[in-house]
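Here's the structure we're looking at; comments come further down.
The values are calculated or read from the model by the stated rules, or taken from the named source; none is laboratory data. As the structure is a computational prediction, the values presented were derived from the model and not from experiment. Backbone-built Cβ (ideal geometry, glycine too); neighbour counts: all protein chains shown. Note: accessible area is taken over every heavy atom of the protein model, side chains too, but ligands, DNA and RNA are not part of it. Shrake-Rupley method; radii C 1.70, N 1.55, O 1.52, S 1.80 Å.
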Amino acid sequence: MVTTRTTPEIGGMGHSPRRKEDPRFLQGKGNYIEDVKLPGMLWMDIVRSPYAHAKIVSIDASKALAIPGVLAVITGKDLEKYGLHWMPTLMSDTQMVLPTDTVKYQAQEVCAVIATERYIAADAIQAVEVEYEELPVVVDPFKSMQPGATLVRPDKGKDTNHIWHWEVGDAAATDAMLQASDVVVKEHIYLPRIHVASIETCGCVASFDKIEGKLTVWMTTQAPHAIRTVLALVAGHVGLSEEKIRVISPDIGGGFGGKVPVYPGYVIAIAASVLIGKPVKWIEDRMENLQADSFARDYHTTAELGVNRDGTLTGLRIKTLADHGYADAAANPSKFPAGLYHICTGSYDLKGAHVEVDGVYTNKPPGGVAYRCSFRVTEAVHAIERMVDIAAHEIGMDPAAIRMKNFIEADAFPYKSVLGWEYDSGNYHLALRKAMDIIGYEDLRREQLEKRARGELMGIGICSFTEIVGAGPSKDFDILGIKMFDSAEIRIHPTGKAIARFGTKSQGQGHETTYAQIVAEELGIPMAHVQVEEGDTDTAPYGLGTYASRSTPTSGAAAAMAARKIRDKARKIAAYLLEADEEDLEWEPGRFSVRGNPEAVKTIQEIAFAAYTNHPQGMEAGLEATHYYDPPNLTYPFGSYICVVDIDKGTGQVHVRRFVAVDDCGNIINPKIVDGQVHGGLTMGIAPALYEEISYDEAGNCLGGSFIDYLVPTAVETPHWETDKTITPSPHHPFGAKGVGESATVGAPPAIVNAVVDALWHVGVRHVDIPMTPARIWKVLRDHGVEG
Amino acid sequence: MTSREIHLTVNGEARTATVEPRLLLVHCIRENLGLTGTHVGCETSHCGACTIHVDDTPVKSCTMFAVQADGKSITTVEGLAGPGGLSPVQEGFWEEHGLQCGFCTPGMMMTATALMREVATPSEAEIREAISGNLCRCTGYVNIVKAIQYAHAKVHAPAPALAHQGGE
Ligand code: FES
Ligand code: FES
């Protein structure tokens with residue numbers, strides 16, 4: 001049960017007040033990137049490559065420049081003069097801003113047009129004449145690894161498309177463990193490319209003030225402070241200095257990780273504004289968004305899991321080929337090229353594991369970024385949850401029973417996994433049992449048997465995932481060297497109202513509400529009177545931004561810590577005002593009272609006023625604090641999901657009849673918002689499981705590059721999610737929270753695949769890759785002799 | 001391209017705009033009329049973020065040219081709130097947490113508002129069908145359905161039974 005310590009009026013933790021940010025969104029008064037309009041603003045549009053690999057023979061811009069209103073056509077050669085034609089990726093690789101000689105993937109930026117109006121810019125990109133000479137294309141990462149394959153990145157000075165090899169775990173011990181197991185199950189699992197497809201695409205308005213030498217960039221970014229530093233590092237040599245760069249992340253129409261990277265379009269718009277001295281706006285359209293922005297997944301995995309006849313899981317071996325496209329532009333912490341993939345032992349007490357990942361270049365846009373889970377946790381959970389299910393079926397054990405048997409015990413936390421993670425807390429048996437009770441698991445199994453006897457295909461799938469979020473402790477976690485702490489700054493005004501600023505940036509998660517609730521919880525100031533601001537690097541404290549479910553574990557924690565510093569000072573002021581000893585004061589939300597004398601009270605509002613009007617001699621005036629929170633550990637949210645599917649033998653359609661999600665994200669700030677996060681995450685879980693894929697033909701043509709081909713689920717395809725929770729607080733987080741934004745995206749896909757395979761195991765199906773479209777399932781059915 | 005003048009009623013107000021014949025209605029609304037509550041998510045009639053009402057019928061305003069709206073009456077999200085504050089649909093979205101990033105929300109609410117006029121008490125399936133032209137990437141639709149149910153319940157609730165009349 002969610003408990004509360006404050007009144008609804010204060011609205012601290014556990015309350016579900018209406019969101020503070022909503023009135024502007026509800027009335028059409030949000031301020032998204034497209035709404036930013038400056039006097040004299042110019043428009044940018046981008047010419048993109050129709051080929052996946054080609055030499056640029058020539059670019060003739062004369063016809064474009066002849067169109068009235070067209071001011072400039074910017075090419076890679078233009079940027080080369082300033083050394084801006086290449087830029088670093090977040091993974092210390094390099095990627096092109098604009099090419100000087102070759103393009104490496106379809107839809108890559110070739111040159112940019114600057115015009116006075118949007119439609120003129122759109123006309124002009126059609127008028128730019130580019131001559132290409134096609135080059136051999138490699139799209140398959142396995143072919144890309146073969147000797148003699150076309151080199152995607154000859155600039156690297158290596159004779160291979162191999163980027164890096166990474167491994168963790170004890171190979172020999174794992175081999176021995178697998179050999180000693182009664183059964184070893186092995187499967188190839190492919191997680192295709194998918195795209196976050198936030199309903200708002202990416203864009204920016206860059207405005208360079210020539211007199212002040214100051215650059216202001218409004219941009220769709222989840223990490224404005226990091227972007228500012230990257231811009232200073234990339235463009236320092238042309239005179240952009242960090243104090244003269246202001247990045248503003250306005251209201252963001254969904255991020256999901258797709259708005260973490262620095263895309264070439266941003267940099268070109270900035271360069272154009274600096275060169276021309278006027279504001280330049282760039283808004284990508286949906287097809288550019290789906291074809292050129294960073295992608296997620298593209299992991300080709302072979303997994304082996306050992307299991308004994310009694311159901312004991314032994315060792316896990318994983319080999320993965322990671323297709324990064326033409327640049328390693330993932331957004332992982334520097335130390336971990338495959339992210340947190342080594343969480344792949346999941347919720348189970350495995351004694352041995354070994355993981356190898358190889359990154360490889362192909363002629364595709366940069367991959368390996370995010371889809372509501374940036375650090376490869378989805379890939380890890382998919383692998384282990386599929387393999388556990390396969391092992392259960394192979395030895396004839398119920399998939400729930402094998403999980404119950406192998407879960408890490410509730411009293412084993414903190415638990416050190418064989419691959420080195422220290423899980424903070426968990427109670428996996430409880431969550432699975434709860435999900436089973438809600439859905440009526442045993443009854444469903446009986447129904448399944450009856451249906452099977454009648455020849456109907458019904459499946460029940462379980463996923464008991466462990467997430468790993470809240471990056472992260474500075475000893476292990478940095479991006480481009482910047483440690484992954486995050487921040488909060490709280491100022492209490494004389495009348496007892498507050499403003500709080502953070503290094504993160506909401507993209508719909510509701511920070512203006514939940515951060516206010518944290519401050520309300522800690523200080524007893526009504527959340528209605530706590531103004532939350534994020535996203536402006538000139539005013540907010542430095543932080544690494546919002547992704548990887550890190551806001552609550554980092555900035556949320558920082559809010560509590562800063563509030564506690566304020567409370568410490570407030571106690572001193574209260575003692576002075578009440579002429580009492582600090583030790584004799586008791587705190588309850590919003591007030592100090594003297595122990596044994598409940599009449600002697602000072603409210604936080606009275607104390608705030610005194611901090612500016614009547615503070616003790618020798619004490620600094622004011623009431624404010626800043627905290628940079630460096631988490632001592634990651635947090636490990638978890639959950640158990642159960643999904644029931646019916647499969648139409650005639651069409652191959654998978655119908656998700658029910659889906660129960662029991663999540664545990666530790667202590668909860670706002671139950672309604674947590675539910676909303678889970679609903680959204682589940683929907684971004686069913687999406688890749690059943691509908692979404694960005695694939696490429698042999699020539700490197702993108703086959704999912706519009707909403708005609710890329711099937712974002714509507715309300716009709718989306719089941720009515722049933723959600724519930726258990727609460728196992730994090731022992732190291734200041735208020736026991738863990739983060740929840742991505743859990744459901746991680747947990748849902750394997751539950752759905754497990755359900756489908758559960759429906760089909762008896763006809764000989766062991767695995768199906770996602771997306772499990774009707775066409776794919778229809779073929780699986782026919783291949784296994786099931787007729788319609 | 002030669003521009004021409006069009007006359008519209010926008011949220012009850014007479015407005016004039018000078019537009020190129022090829023200008024999309026959504027761009028006219030956002031740029032020429034300065035109403036940025038109507039959003040663009042695709043320009044290809046798939047996402048529904050640009051949904052408005054043209055003569056009380058929901059329309060994806062990226063699929064219409066501004067000149068086609070000449071002489072018509074259009075309503076955008078900015079016209080939803082009544083004098084008494086939020087409309088029942090807006091209130092429902094707020095109460096039921098029917099929005100997260102808010103980007104799909106104006107279009108979603110315009111579709112929901114049209115449904116209010118068509119069906120008094122729609123089933124969950126009917127609501128889902130009605131909003132299936134509007135994509136939301138954040139909410140998973142559960143709370144959007146609840147928000148719309150809230151609005152219907154509020155408007156179409158049976159009138160409260162009259163209190164005791166007379167002097168019994
Ligand atoms: S912008 Fe009109 S439907 Fe997407
Ligand atoms: S609330 Fe973000 S797209 Fe619907």
Expressed in angstrom and rounded, the centroid-to-centroid distance over alpha carbons for segment A:174-251 and segment A:452-493 is 17
At 7 Å along the Cα-to-beta-carbon direction for both A:LEU135 and A:ASP411, put a label point, then send me their distance in nm to one decimal. 6.3
So how long is each side of segment A:283-438 along the principal axes, counting just the alpha-carbon atoms, biggest first, in Å? 53, 32, 30
Can you tally the net charge around B:PRO106? Count Lys and Arg as +1, Asp and Glu as -1, for every other residue whose Cβ sits under 14 Å from the Cβ of B:PRO106. -2
Here, A:LEU275 and A:ASP437, labelled 7 Å along Cα→Cβ, have an inter-label distance in nm of 6.6
Interface burial for B against A (accessible surface, 1.4 Å probe, total of both chains, Å², rounded to 100): 4400
Ignoring everything but the protein chains, give the 1.4 Å probe accessible area of B:LYS146 in square angstrom, nearest 10. 80
Give the range of the longest stretch in chain A that excludes all GluC sites (Glu not before Pro) found in loop regions by DSSP and having at most 15 other beta-carbon atoms within 10 Å. A:213-408
With the crude spin-label approximation of a point 7 Å out along Cα→Cβ, what separation in nm comes out for B:ALA120 versus A:VAL57? 7.2
Sort A:PHE609, A:PHE208, A:PHE25 from largest to smallest accessible area, using a 1.4 Å probe on the heavy atoms of the protein chains. A:PHE609, A:PHE208, A:PHE25
If R₀ is 60 angstrom, what is the calculated FRET efficiency for the pair A:ALA621 and A:GLU422, using the beta carbon separation as r and rounding to 0.05? 0.90
Solvent-accessible ranking of A:ARG309, A:ARG118, largest area first, probe 1.4 Å: A:ARG309, A:ARG118
For segment B:32-97 and segment A:377-431, write down the distance between their C-alpha centroids in whole Å. 48
Evaluate E = 1/(1 + (r/R0)^6) for A:GLN531 and A:TRP164, where r is the Cβ-Cβ distance and R0 equals 35 Å; express this FRET efficiency to the nearest 0.05. 0.20
Can you list the residues of segment A:7-30 whose accessible area drops by at least 30 Å² going from the chain on its own to the full set of protein chains, with a 1.4 Å probe? A:ARG18, A:ARG19, A:ASP22, A:PHE25, A:LEU26, A:GLN27, A:GLY28
At a Förster distance of 56 Å, what's the computed FRET efficiency of B:GLU5 paired with A:ARG454, Cβ-Cβ distance as r, to 0.05? 0.25
Can you give the accessible area per residue of chain A, in Å², using a 1.4 Å probe? 33
Suppose we compare each residue of segment B:39-54 in its chain alone and in the full protein complex with a 1.4 Å probe; which ones drop by at least 40 Å² of accessible area? B:GLY41, B:HIS46
Given the C-alpha centroids of segment A:703-746 and segment A:541-575, what is the distance between them in whole angstrom? 26
Past the 22 Å Cα-Cα mark, which pairs from A:LYS29/A:LYS278; A:LYS37/A:LYS77; A:LYS156/A:LYS281; A:LYS281/B:LYS72; A:LYS20/B:LYS146; A:LYS81/A:LYS364? A:LYS29/A:LYS278; A:LYS37/A:LYS77; A:LYS156/A:LYS281; A:LYS281/B:LYS72; A:LYS81/A:LYS364
For A:ALA176 and A:ASP769, compute 0.36 nm times the residue count separating them, minus their Cα-Cα distance, and round to one decimal in nm. 210.6 nm
What net charge do the residues around B:SER61 carry, taking every other residue with its C-beta under 11 Å from that of B:SER61, with Lys and Arg at +1 and Asp and Glu at -1? +1
Hey, can you find the accessible area per residue of segment B:1-105 for me, probe 1.4 Å, expressed in square angstrom? 37
Go through A:ASP349, A:ASP478 and list them by solvent-accessible area, largest first, probe radius 1.4 Å. A:ASP349, A:ASP478
First compute the accessible area of the protein assembly as shown with a 1.4 Å probe, then give the percent of it belonging to carbon and sulfur atoms. 52
Label zone at A:GLU698, where the point sits 7 Å out along the Cα-to-Cβ direction: segment A:175-192 residues whose backbone N lies under 12 Å: none
Once you have a ≥ b ≥ c as the square roots of the Cα gyration tensor eigenvalues for the protein assembly as shown, tell me rounded if a/c is under 1.5, and otherwise prolate or oblate according to whether a/b is larger than b/c. rounded
Net charge near A:ALA206 (other residues with Cβ under 15 Å of its Cβ; Lys, Arg +1; Asp, Glu -1) is +3
Figure the gain on full extension for A:GLU80 and A:ASP724 (residue separation times 0.36 nm, minus the Cα-Cα span) and round it to one decimal in nm. 226.3 nm
Just which residues of segment A:189-213 lose 50 Å² or more accessible area with every protein chain there, against their chain alone, with the probe set to 1.4 Å? A:ILE199
Across 5 Å bins from 0, what is the distribution of all Cα-Cα pair distances for segment B:88-156, in whole percents? 4, 20, 35, 28, 10, 2
Starting from the Cα of A:ALA401, move 7 Å in the Cα-to-Cβ direction to define the label point; list residues of segment A:286-328 whose amide nitrogen is under 15 Å from there. A:308-313
